[in-house]
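Asker: So that we are looking at the same thing, I have put the structure below in structure tokens.
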Amino acid sequence: MHRENSRPAARYGLIAVAVLFLALFLVLPLAAVFGEALSKGATAFGSAVTEPDALAAIRLTLLVAGISVPLNIVFGIAAAWAIAKFDFPGKSLLISFIDLPFSVSPVVAGLIYVLLFGAQGWLGPWLRAHDIEIIFAVPGILLATIFVTFPFVARELIPLMSEQGRDDEEASLSLGASGFQTFWRVTLPNIRWGLLYGVLLCNARAMGEFGAVSVVSGHLRGITNTMPLHVEILYNEYNFVAAFAVASLLALLALVTLVLKSIVEWRFDYHRGGAGH
Amino acid sequence: MSSPLQMPAPGLAAETRGGSRRSQSIIPGFGLTMGLTIAWLSLIVLIPLSTVFIKSAGMGWAEFVAAGLSPRAIAAYKVSFGTAFVAAIINAIFGLVTAWVLVRYQFPGKRIVNALVDLPFALPTAVAGIALTAIYAGNGWVGQYLEPLGIAVAYNPIGITVALIFIGLPFIVRSVEPVLEDMSAEVEEAALSLGARPWQIFFRIILPAILPALLTGFALAFARGVGEYGSVIFIAGNMPFESEIAPLLIVTQLEQYNYAAATAIATVMLVASFAMLLLINLIQAWSRKRMDG
Amino acid sequence: MVVAATGLASCSSGSDDGGGAVQKAELLNVSYDPTRELYAEINPKFAAKWKAETGQDVKITMSHGGAGKQARAVIDGLDADVVTLALAYDIDEIAARTDALSPGWQKRLANNSSPYTSTIVFLVRAGNPKGIKDWDDLIKPGVKVITPNPKTSGGARWNFLAAWAYALKKYGSDAAARDYVTKLFANVPVLDSGARGSTTTFVERGIGDVLLAWENEAFLAQKELGKGKFDIVVPSISILAEPPVAVLDGNAKRHGNFQLAEAYLKYLYTPEAQDIIGKNYYRPISPEAEAKYASQFPKVNLVTVDDEFGGWQAAQKRFFNDGGVFDEIFAKTKR
């Protein structure tokens with residue numbers, strides 16, 4: 001443990017600066033969301049979040065997260081396995097490519113699917129001829145969401161699995177376990193907290209993505225509106241209380257994510273600390 | 001502590017645990033997992049992204065420059081890159097303080113502060129946008145006290161910067177934190193006992209050690225800020241040449257049916273993203289070399 | 001991927017009641033920003049009428065947004081059966097870039113396919129503290145004017161043309177008109193991308209002294225958003241805004257609901273719909289509804305795009321396309 005050696009003045013000063021900064025830039029927006037949502041009382045809040053279009057938006061958001069997160073879990077584990085357990089040329093390049101969605105503007109993420117699947121896009125005429133809807137329908141929203149959440153799980157697992165090395169797996173395999181058994185019994189328990197951590201952030205982003213989804217959604221009430229888009233629509237209908245009410249559900253989700261994440265972190269540190277020697 | 005956004009050094013796997021240097025492994029599944037990774041990556045990221053380049057390659061250089069580097073586009077890049085840069089600088093300072101406080105000090109509510117740092121990762125950007133507007137507009141919670149002082153935050157580049165500070169903070173804190181944790185306090189104590197002043201310790205001992213991590217976090221926050229859309233449009237003001245960000249210009253061009261211009265601007269931004277990632281990798285390569293040497 | 005996508009597409013696009021298209025029809029109306037309340041009231045009335053006439057249930061889905069964004073979405077494949085947009089140019093673009101409707105679309109329904117009209121007025125704060133009476137007052141120093149971005153908002157294009165028409169009439173030359181509009185935009189602090197964004201900025205955020213708005217938006221803001229907080233000022237000259245509607249034949253025929261789509265738009269011209277239109281502060285075109293709501297709408301000296309600017313194609317090209325007058329004005333004032 002670190003000894004608290006600095007002079008108290010500096011120490012309290014720094015703590016105060018940090019806390020004040022976080023309060024101003026993080027806590028205040030959060031408080032504003034809940035404050036505005038409840039500004040007309042709990043009844044207005046309740047009716048805003050149980051209105052059919054709001055429920056449809058909630059359902060769609062859950063559906064999109066429910067599909068995109070598991071797909072990215074599978075991809076994330078596969079990518080981490082390939083990258084962490086094997087040596088091959090071009091590894092850095094592959095990691096950079098996996099990172100790419102972090103630094104691509106969400107708007108560009110939406111645009112690329114319009115260029116690909118839109119009626120004026122490369123595959124548009126073919127899709128239309130076969131009556132397949134991607135853009136302005138759920139699949140487009142799904143693709144855009146998968147794109148922006150692409151790196152979360154992989155990025156969490158790659159350093160973790162690299163650090164853990166191959167020894168446990170090799171021991172298990174030499175004792176006669178199959179590859180799948182080894183993964184299930186040895187690797188997965190080792191990475192479960194890290195995995196959960198990645199999944200939480202992946203899920204939060206999947207439910208909250210706005211820019212990319214906005215480009216491909218078409219904003220059909222009750223059909224292609226996710227929760228963040230529904231917030232925007234309500235806002236544009238001068239229905240500010242309802243907008244903030246739906247927004248507060250998303251903020252609540254963020255808070256739950258943070259609480260779960262703190263728990264995971266605590267277990268994770270505990271787990272690593274325990275296994276560390 | 002680990003964060004998904006903390007950049008592990010590429011090629012880390014080859015360097016941890018001496019045993020891993022063996023290139024022959026009995027571990028199965030390389031073909032399967034590698035195949036899956038490449039296929040998924042290509043389908044979701046690489047092929048769709050390539051459309052932007054192919055589309056703008058078909059434009060011809062003059063047309064590309066006219067659209068992607070028009071005065072208005074350049075003004076938008078200046079706004080986007082400028083505000084992202086300022087926000088990243090502010091975050092670098094306060095993020096470092098926050099990380100320092102979280103690593104070095106015990107205080108009541110530390111757990112909450114620690115959890116809060118990740119709020120921007122978890123809170124949808126559009127929600128952040130309307131919340132920040134509600135706070136900083138002239139009649140907002142904070143704006144009403146700033147306006148009499150002649151300070152307008154919302155609807156100008158300051159508003160954009162505020163939104164980007166919100167978005168970028170966790171990148172800095174989570175990048176710097178692990179390095180600070182690994183740094184023992186003994187060196188500082190030794191320096192202190194030898195009569196060094198706190199600022200000397202900071203600039204001579206602490207800063208050099210955390211600089212790579214700080215730069216990485218800075219680059220991540222900067223890259224994210226340049227592309228940010230959802231939280232910015234509500235608070236930006238969106239005036240061409242003043243407070244119009246590049247992602248908004250892409251959307252605006254799309255809405256004018258000007259696909260070529262939208263694609264050209266997207267290409268410029270993508271190239272900037274690539275450059276940023278490259279820079280991050282270089283920083284890490286440099287820092288590893290320095291650590292080894 | 002495609003297989004998964006197909007499955008999802010089919011379950012999202014509606015014909016999931018199992019009974020086939022005869023029992024329940026669906027109609028997608030892609031519209032611009034301020035028509036939300038109007039169509040929210042018209043749709044159930046039309047559905048009831050259609051049910052009474054044909055025995056078929058109809059579910060009408062709406063999509064709202066800035067006119068440019070909406071037309072862009074349709075061009076990119078948003079499967080609208082009908083579009084009800086802010087100005088003819090955006091529907092012209094759909095006609096030019098897709099095979100969904102023919103170029104002569106605007107002749108198919110009465111009154112240039114516009115079942116309602118509107119105009120541009122000023123919304124000012126209660127008591128009109130800045131004393132804004134006409135267009136000239138907007139370019140005075142210290143007056144802040146809120147308008148959306150003409151590049152992306154249909155309403156903003158009407159704003160721009162109304163201002164130009166006024167200056168042209170008053171000062172008599174294109175150069176003077178350009179000078180006037182340049183000064184006008186120098187007084188604009190925020191450019192939202194749609195009419196709704198601008199109203200929110202003005203009403204909710206308290207920014208600006210005057211909002212250039214659709215007449216119907218101004219009434220809505222005055223009556224529903226803040227009673228007694230705003231006044232409407234009618235300028236000496238404004239523009240006759242004709243928001244047109246059209247069936248996208250290609251899409252509607254593919255969905256097998258062309259007749260439904262056509263009946264929907266024709267319904268907008270019926271006395272029942274015209275009454276709802278007047279009630280929602282749009283100017284109705286049927287003589288009866290016009291007479292009934294005459295007291296609601298102030299007399300305005302209105303110019304038209306066709307007379308003043310030679311139609312929307314010419315106006316769009318001259319003023320709003322990249323490198324047009326609007327871009328030149330901004331390049332000059334803001335750099």
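Bear in mind these aren't lab numbers, they're just calculated from the coordinates by the rules spelled out. Because the structure is predicted, anything quoted here is derived from the model rather than measured. Cβ coordinates were reconstructed from backbone atoms using ideal geometry, including for glycine residues, and neighbour counts include every protein chain displayed.
Asker: Given contacts defined as C-alpha pairs under 8 Å and at least six residues apart, what's the relative contact order of chain C, whole-number percent? Spell out each step's value before the answer.
Answerer: Values: 567 pairs, mean separation 75.2, N = 335.
Rounded, it is 22 percent for chain C.
Asker: Please identify the helices of chain A, taking whole runs of DSSP H, that span at least 30 Å along their own axis as judged from the Cα atoms and have a mean Kyte-Doolittle score of 1.0 or higher. Walk me through the numbers before you get to the answer.
Answerer: Numbers: long enough: A:52-85 (49 Å, 1.51); A:240-275 (51 Å, 1.24).
Helices meeting the criterion: A:52-85, A:240-275.
Asker: Can you tell me the orientation of helix C:2-12 relative to chain C, as the angle in degrees between its alpha-carbon axis and the longest Cα principal axis, to the nearest 10?
Answerer: 80 degrees
Asker: Taking a quarter of the surface of the convex hull around the Cα atoms of segment C:144-242, what do you get in nm²? Let's see the in-between values first.
Answerer: Values: hull surface 24.4 nm².
Average of the hull's projected areas for segment C:144-242 equals 6.1 nm².
Asker: I would also like to ask the following. Any idea what the relative contact order of segment C:228-334 is, in percent, if you count C-alpha pairs under 8 Å spaced at least 6 apart?
Answerer: Details: 67 pairs, mean separation 28.9, N = 107.
Relative contact order comes out at 27 percent.
Asker: Another question, then. Among rounded, prolate and oblate, which fits segment C:214-254 when a ≥ b ≥ c are the square roots of the eigenvalues of its C-alpha gyration tensor, a/c under 1.5 means rounded, and a/b larger than b/c means prolate? Write out the running numbers ahead of the final one.
Answerer: Numbers: a/c = 9.59, a/b = 2.09, b/c = 4.58.
Taking the square roots of the gyration eigenvalues as a ≥ b ≥ c, segment C:214-254 is oblate.
Asker: So, one more: Helix-derived [θ] at 222 nm for the protein assembly as shown: sum -39500 (n - 2.57) over DSSP H runs of at least 4, divide by residue count, nearest 500? Please list the in-between numbers first.
Answerer: Details: 46 runs with 563 residues, N = 905.
So the helix-based figure for the protein assembly as shown works out to -19500 deg cm²/dmol.
Asker: Dividing the convex hull volume of the alpha carbon atoms of segment B:96-210 by its residue count, what do you get in Å³ per residue?
Answerer: Details: hull volume 17.1 nm³, N = 115.
Value for segment B:96-210: 149 Å³ per residue.
Asker: Given the convex hull over the Cα atoms of the protein assembly as shown, what projected area results after averaging over all orientations, in nm²? Before the final figure, lay out the partial values.
Answerer: Details: hull surface 158.3 nm².
Hull-based average projected area comes out at 39.6 nm².
Asker: Please label the shape of segment B:219-288 as rounded, prolate or oblate, based on the square roots a ≥ b ≥ c of the eigenvalues of the alpha-carbon gyration tensor (a/c under 1.5 means rounded; beyond that, a/b larger than b/c means prolate, else oblate). Display every interim value, and only then the final one.
Answerer: Numbers: a/c = 3.64, a/b = 1.82, b/c = 1.99.
It is oblate, given that a/c is not under 1.5 and a/b is not larger than b/c.
Asker: Work out the FRET efficiency for B:Phe53 and B:Lys78 from their Cβ-Cβ distance, taking R0 = 25 Å, and round it to the nearest 0.05. Present the calculation step by step, with values, prior to reporting the outcome.
Answerer: On the way: r = 24 Å, r/R0 = 0.94.
The computed FRET efficiency comes out at 0.60.
Asker: A further question on this structure: Return the aspartates and glutamates within reach of C:Lys170: Cα separation strictly under 15 angstrom, same-chain partners fewer than 8 residues apart disregarded; answer none if there are no such residues.
Answerer: C:Asp134, C:Asp136, C:Asp137, C:Asp179, C:Glu308
Asker: Report the FRET efficiency, 1/(1 + (r/R0)^6), for C:Asn321 and A:Leu175, where r is their Cβ-Cβ distance and R0 is 56 Å, rounded to 0.05. Walk me through the numbers before you get to the answer.
Answerer: Numbers: r = 72 Å, r/R0 = 1.29.
Rounded to the nearest 0.05, the efficiency is 0.20.
Asker: Follow-up question, since we're still on this one. If I model segment B:165-293 as equal point scatterers sitting on the Cα atoms and use the Debye formula, what is log10 I(q)/I(0) at q = 0.16 Å⁻¹?
Answerer: Reported log10 I(q)/I(0), two decimals: -0.89.
Asker: Residue separation times 0.36 nm, minus the C-alpha to C-alpha distance between B:Asp182 and B:Arg111: what's the value? Don't skip to the end; give the middle numbers.
Answerer: On the way: separation 71, 0.36 × 71 = 25.56 nm, distance 1.96 nm.
Answer, rounded to one decimal: 23.6 nm.
Asker: A further question on this structure: Any idea how far apart C:Asp99 and A:Ala23 come out in nm if each label point goes 7 Å out from Cα toward Cβ?
Answerer: In this crude label model, C:Asp99 to A:Ala23 measures out at 6.6 nm.
Asker: To continue, here is another question. What is the pair-distance distribution P(r) of chain C, computed from all Cα-Cα distances in 20 Å bins starting at 0, with each bin given as a whole percent?
Answerer: With 20 Å bins starting at 0, P(r) equals 31, 55, 14, 0.
Asker: Something else: Put one equal scatterer on each alpha carbon of segment A:123-178, apply the Debye formula with no solvent term, and list log10 I(q)/I(0) at q = 0.16, 0.22 1/Å to two decimals.
Answerer: -0.68, -0.88
Asker: Okay, next question. Cross-link partners among lysines for C:Lys45, C-alpha distance below 27 Å, same-chain residues fewer than 8 apart left out?
Answerer: C:Lys24, C:Lys59, C:Lys107, C:Lys223, C:Lys253, C:Lys266, C:Lys279, C:Lys292
Asker: Can you give the mean number of other chain Cβ atoms that lie within 10 Å of the Cβ atoms in peptide B:230-236? Numbers along the way, then the final one.
Answerer: Numbers: counts 11, 3, 1, 8, 6, 1, 3.
Per residue, the average neighbour count from other chains is 5.
Asker: Moving on to the next point. Within segment B:25-61, which residues have the backbone N less than 15 Å from the label spot 7 Å out from A:Trp122 along Cα→beta-carbon, could you tell me?
Answerer: What the label zone holds, given the 15 Å backbone N cut-off, is B:41-59.
Asker: Would you look at the GNM of chain A, springs on alpha carbons closer than 10 Å, and say which of A:His219, A:His230, A:His130 moves the most?
Answerer: Between A:His219, A:His230, A:His130, it is A:His130 that shows the largest mean-square fluctuation.
Asker: Counting residues in chain A as N, plug N into 2.2 N^0.38 Å and put the Cα Rg over that result. Write out the running numbers ahead of the final one.
Answerer: Details: Rg = 22.5 Å, N = 277, 2.2 N^0.38 = 18.6 Å.
In units of the globular-protein estimate, chain A measures up at 1.21.
Asker: Measuring from the lowest to the highest alpha carbon on each principal axis, how far does segment B:61-292 reach, largest first, in angstroms?
Answerer: 66, 46, 30
Asker: Right, another one. Whose amide H sits under 5 Å from the amide H of C:Leu28, counting only residues 5 or more places off or on another chain, with H placed in the peptide plane?
Answerer: Close amide H contacts, sequence-distant or interchain: C:Thr61, C:Asp81, C:Val82.
Asker: Mind checking which aspartates and glutamates have their C-alpha under 19 Å from C:Lys51, skipping anything on the same chain fewer than 8 residues away?
Answerer: Straight-line reach from C:Lys51, under 19 Å: C:Asp17, C:Glu26, C:Glu41, C:Asp81, C:Glu262, C:Glu272.
Asker: How big is segment A:135-277 in terms of Cα radius of gyration and Dmax, in angstroms?
Answerer: Both quantities, over Cα of segment A:135-277: 20.1, 66 Å.
Asker: Just from the alpha-carbon atoms, what are the Rg and Dmax of segment A:139-215 in angstroms?
Answerer: Final numbers for Rg and Dmax: 16.3, 53 Å.
Asker: With unit charges on the beta carbon (Lys/Arg positive, Asp/Glu negative), name the residue among B:Phe234, B:Leu96, B:Ile112 whose Cα is farthest towards the positive pole of the charge dipole of segment B:61-292.
Answerer: Positive-most Cα among the choices belongs to B:Leu96.
Asker: Quote the relative contact order of chain A in percent (integer), defining contacts as alpha-carbon pairs under 8 Å separated by 6+ residues.
Answerer: Values: 304 pairs, mean separation 83.7, N = 277.
Answer for chain A is 30 percent.
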